[in-house]
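Report on the following structure.
The values are calculated or read from the model by the stated rules, or taken from the named source; none is laboratory data. Remember, predicted model here, so these are calculated numbers, not experimental data. Quick reminder, even Gly has a Cβ in these numbers, built from the backbone with ideal geometry, and neighbours come from all protein chains shown. With ligands, DNA and RNA removed, areas are computed over all heavy atoms of the protein, side chains included. Shrake-Rupley method; radii C 1.70, N 1.55, O 1.52, S 1.80 Å.
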Amino acid sequence: MKSFRRIDIRPAGPDDIMMIASVIVETWRSTFRGLISDDFLDSMSIEEQALRHARRMRVADVFHLVAVDMSTHRVIGFANYGKARSMPPRFDRELYALYILKEFQGAGIGSGLVRSVAAHCREMRAASLFAWVLSSNPNRAFYERLGAVAVGQAQVSLGGENHDQTAYRWDNLAKLAGEGRFSA
């Protein structure tokens, strides 16, 4: 596992929007180049992502956490989650997005974000959590290492092309959260 300076996980605020947007664009381009069309990846804009997440921050029951490198105060990753949008009702909460800049992957930051999400979901009395993950995502095993189980398949259209995605579910949020409380 890589080692970095102190990382703080905390709720995101409006001042974090541009850095969140930058993380999204950088991460998609570094992770999905060669898997998703270059035209789609190259057309992604930080400004568009910033507007999208600024709107999402104003929606009730939608949450953003950021991972911040405290030596630079730079957002290096984030998680976005809330009520399940597309799975059966028994899936109370959905992890909509989880992105960590490539140079910070493998240091436990993603795990820390997911555990913080799980702790918060437990406090909201959620029974389960799930996430849609592109089936071609080279980091897909990350979810499995955290104990998620594949429970569904679907397709998503990105840039006019259909891509397979897999739904991963966690049923034991206490175990996933490490019995911790949400304190970000």
- Query: Measuring from label point to label point, each 7 Å out along Cα→Cβ, what is the SER37 to ASP15 span in nm?
  - Reply: 4.0 nm
- Computed P(r) (all Cα pairs; region 8-83; 5 Å bins; percent): 3, 16, 25, 21, 19, 12, 4, 0
- In whole angstrom, the spacing between the Cα centers of region 96-122 and region 1-72 equals 12 Å
- Message: If I take every Cα pair under 8 Å that is 6 or more residues apart in the chain, average their sequence separation and divide by the length, what percent do I get for the relative contact order?
- Response: 22 percent
- Task: Could you provide, to the nearest whole Å², the per residue accessible area of region 1-151 with probe 1.4 Å?
- Result: 49 Å²
- Compute the length gained on full extension between GLN155 and ARG140: take 0.36 nm times their separation in residues and subtract their Cα-Cα distance, giving the result in nm to one decimal. 3.8 nm
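Roughly how large, in nm² to one decimal, is the mean projection of the convex hull of the alpha-carbon atoms in region 98-184?
Working: hull surface 25.4 nm².
Its average projected convex-hull area is 6.4 nm².
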- Note on the structure: Net charge near LEU35 (other residues with Cβ under 12 Å of its Cβ; Lys, Arg +1; Asp, Glu -1) is 0
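Rounded, prolate or oblate, given the Cα gyration tensor of the chain, with a/c below 1.5 counting as rounded?
Numbers: a/c = 1.36, a/b = 1.07, b/c = 1.27.
Here the chain falls in the rounded category.
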- Item | Summed residue charge, Cβ within 10 Å of MET124's Cβ, Lys/Arg positive, Asp/Glu negative | +1
- Task: Tell me the Kirkwood hydrodynamic radius of region 78-133 in angstroms, computed as one over the mean inverse distance between distinct C-alpha pairs.
- Result: 11.8 Å
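Once neighbouring chains are kept in place and the probe is 1.4 Å, which whole percent of the accessible area of the chain is contributed by carbon and sulfur? Present the calculation step by step, with values, prior to reporting the outcome.
On the way: 4540 of 9310 Å².
Here carbon and sulfur together make up 49 percent of the probe-accessible area.
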- Task: Pull up the DSSP beta bridges for the chain and report the antiparallel fraction as a percent, rounded to 5.
- Result: 90 percent
- Query: Within a Cβ distance under 14 Å of GLY13, other residues only, what is the Lys/Arg minus Asp/Glu net charge?
  - Reply: 0
